[in-house]
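Please treat every number below as a calculation from the coordinates, not as lab data. Quick caveat, the model's predicted, so the values are computed rather than measured. For neighbour counting, all protein chains shown are included, and Cβ atoms are generated from backbone atoms with ideal geometry for every residue, glycine included.
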Amino acid sequence: MRIAMLGVKAVPTIGGIARYVEEVGARLVERGHEVTVYCRPHYLNGSRGPYRGMERVVVRGVRGKHLDTITHTLTSLCDALPRRFDILHFHGVGPAVFSPLARWRNGHTIVVTAHGADWDREKWGWAAKSFLRAGTRAAAKWAANWVAVSHSVADECARVAGSRPEVIPSGVNPTDTPPPQELYGLGLAPRGYLFCAGRLTPEKGLHYLIEAHQKARTDKRLVIAGSCPHKSRYVDELRRLANDQVLFPGFVQGRLLQELFGHAYLYCQPSNLEGLPLSVLEAMSHGTCVLASDIAAHLEALDGHGFTFRAGDVDDLAAKLQALLADPARVQATGLAAREHVCRHRTWDVTTDHYEALYENLVSEKRAGLVPDGGGERRSAPAAALATGPEAQRGG
């Protein structure tokens, strides 16, 4: 089976969508499928050629906050249409606005994955939000099947599009945390810091975390790893709020990232908006206790194996931090239980099983003439393939 991934920055690069595509795509290749990922040159740092068995096709778009993703998706689609892929897989509801074109030209089989309720992100104005809602409606109408990474995202998509995508949750790679080594280069000691990783954007709520950390009056440092792809007033605001106990190491990866996840006393996620947060699952997979805002996506990811505070409430976050800092035994026990849960239910192998079954079902039905031309009843992966993990017990 030949599968093209569109709407992605690149593989490998920072970001939840890129990580999602990398992990699922590499596993599909291991299972004998051909996977092509369309990449943006400015995210590859000069890297070219195959990566983890996936073909990387580099095409250009118009760089900029509002035009980068959409123009790159269009140029990617222009390259992909004549190549007769079995599946064209759009990642993100914005890129899905081109799904009618992909279906019209040669009847390609379209899959769309909604990674979040992107129209709710604070960085977008009304025009961009309207465009993203249009992409969501296009996915619902024109994709042979559309998918959400969590039940909370599926619910939001249903409110916009009138139909609910099926859910294929994100995963992790459960691994042992390497011994502390690069950690010391940042002046950190195991269990001597609180950790958060992600884009430095307003919906991540990092300003709440910085303020709560100061109110908690702890000697443990706060490490916020991540970057912003564009010049941002918000990043300037975060640096103004922070004192010398807050460390911004920028974008980190590899061994250092694994050490930061695994040796943190606590992983903190104060977001106001998420899809299914990979960083929370990563922290859990390392046996690190998580304290997160009580938004639906976090409740779904934690599944009772962590702690929450009222979203946007600095005082409640500070109080929860103080309570957990005073109870290391409880923090350790919760982290170990979280690791066991994630290793059983939230792995990339499980996610890939779902997609492989979905793709094969769609290709078989297309050959039999059963895949609708748009707006028809969708075919999904066999029920047995999608019944893995606790999310299968939920309604919707």
Using only the alpha-carbon atoms of the range 1-89 as identical scatterers, what base-10 log of I(q)/I(0) does the Debye formula give at q = 0.14 Å⁻¹?
-0.43
Would you be so kind as to identify which of Ala296, Cys196, Gln253 lies farthest towards the positive end of the dipole of the range 182-345, taking Lys and Arg as +1 and Asp and Glu as -1 on Cβ and the Cα centre as origin?
Gln253
Cα-Cα pairs of the range 113-201 separated by more than 23 Å (percent)
46 percent
Restricting to lysines 8 or more places apart or on different chains, can you count the pairs in the chain with Cα atoms under 30 Å from each other?
29
The chain, Kirkwood Rh and Cα Rg, ratio Rg/Rh at 0.96
Sorted by packing (mean other beta-carbon atoms within 10 Å per residue), highest first, where do 315-323, 44-52 land?
315-323, 44-52
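Please give the charge dipole size of the range 1-139, origin at the Cα centre, charges +1 on K and R Cβ atoms and -1 on D and E Cβ atoms. Round to the nearest 20 debye. Don't skip to the answer; put the middle values down first.
Numbers: 21 positive and 11 negative charges, 50 e Å.
About 240 debye.
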Just how large is the dipole of the range 182-345 about the Cα centre, in debye to the nearest 20, putting +1 at every Lys and Arg Cβ and -1 at every Asp and Glu Cβ?
320 debye
Taking the Cα centre of the chain as origin, work out the dipole magnitude from +1 charges on Lys and Arg Cβ and -1 charges on Asp and Glu Cβ, in debye rounded to 20.
1120 debye
Length gain on complete extension for the stretch Glu34 to Ser364, per 0.36 nm per residue less the alpha carbon to alpha carbon distance?
117.1 nm
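Can you pull the Rg over Rh of the range 182-345, Cα-only, Kirkwood?
0.92
Rank-order 341-349, 328-336, 90-98, 261-269 by packing density, defined as the average count of other C-beta atoms within 10 Å over each peptide's residues, highest first.
90-98, 261-269, 341-349, 328-336
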